[in-house]
1. Filter region 101-118 down to the residues that are polar (S, T, N, Q) and either surrounded by 14 or more Cβ atoms within 10 Å (Cβ to Cβ) or within 16 Å of Asn160 (Cα to Cα) (or both), then identify the one that is farthest from the chain's Cα centre (by Cα).
2. Are any residues in region 119-155 in contact (Cβ under 8 Å) with a residue 12 or more places away in the chain, crowded, with 16+ Cβ neighbours inside 10 Å and part of a helix (DSSP H, G or I), and if so, which ones?
3. Please tell me if Met197 is modelled with pLDDT of 90 or more, aliphatic (A, V, I, L, M) and closer than 30 Å to Phe114 by Cβ.
4. Is region 17-39 home to any residue that is assigned to a helix (DSSP H, G or I) and either touching a strand residue (DSSP E or B) at 6+ places or on another chain (Cβ under 7 Å) or modelled with pLDDT under 50 (or both)?
Amino acid sequence: MQRLGIAALICFVVLFSSSIYAQHSIVYPTQHAIGPYSSPNEGSYLFADLGEEPKQPSAALRRSLLLPGWGEYYANPKSWTRGQWHMAADISMILSYLGISYRSIQLEDELITFARSKAGIDLSGRDREWYLAVSNHNTLDLYNDYLLRTRNWNQLIEDNSINQWSWSETSDRSEFNRMREQIDKSKNQLPALLTLMVLNRVVSGIHAFGLVRDSNKLMDSSNATLYTRLGILQPERSNQSYVGLELRLSF
């Protein structure tokens, strides 16, 4: 009767305390206590080995969209070489963007100073149409005359002292035009850099998403392990023997 009672108790506990977890090369199981527990010296408690929660592909995608390479690091911190390349490329493009922007501002200041000293007009705060007008015509009168001949009356510039300019040398106007074109070329690089930064984020995000998704599939299908361990512990000062059961099933 005593043996039948112990067997019945073990079967009852096994039915209500089994836990399943998947083992993988990058997942390390941890041990958690479950069931009632008061102290090491009183009563008994049940425990089971549990695996880590699977990572979320969407979380990897969001990280790479924010910072390329971060998603690959999230997927596998021990091996994220491609993520490092994505991150390095992003940093390089950001620095290039800032450098080109700063250089464009410097060139524009030099252009304004040049126009003020050689043509007698202040272009501060004026748009690109003003730069084109000053670079393509020697004086305001010649520019307005061109507009009248081409019937662009709505683009005429008011003839006053603030809007007047006059190039004394054709070579000076040519130099002004060269400087303006240099500024335009620099500014035209900025949208291309922004496009590349967005593309780098998207590619990194898709790659990180796939890494986490494939890793989760591998955990679920190729290396699953059913591992249930049950222990009924007796008080430390008790002379009674340890009663336990351990089941392992791999597939």
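1. The qualifying residue farthest from the chain's Cα centre (by Cα) is Ser104.
2. Once the filter is applied, which keeps residues that are in contact (Cβ under 8 Å) with a residue 12 or more places away in the chain, crowded, with 16+ Cβ neighbours inside 10 Å and part of a helix (DSSP H, G or I), region 119-155 yields Tyr131, Ala133, Val134, Ser135, Leu140, Tyr143, Asn144.
3. No; evaluated as a whole, the condition is false for this residue.
4. Yes, region 17-39 has at least one match.
Results for (1) modelled with pLDDT of 90 or more; (2) assigned to a helix (DSSP H, G or I), shown as yes or no for each residue.
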| position | (1), (2) |
| --- | --- |
| Arg173 | yes, yes |
| Leu193 | yes, yes |
| Val202 | yes, yes |
| Ile206 | yes, yes |
| Leu218 | no, yes |
| Thr225 | no, no |
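The values are calculated or read from the model by the stated rules, or taken from the named source; none is laboratory data. In this text, all values refer to a predicted model and were calculated from it rather than measured experimentally. As a convention, Cβ positions derive from the backbone with ideal geometry for all residues, glycine included, and neighbour counts pool all protein chains shown.
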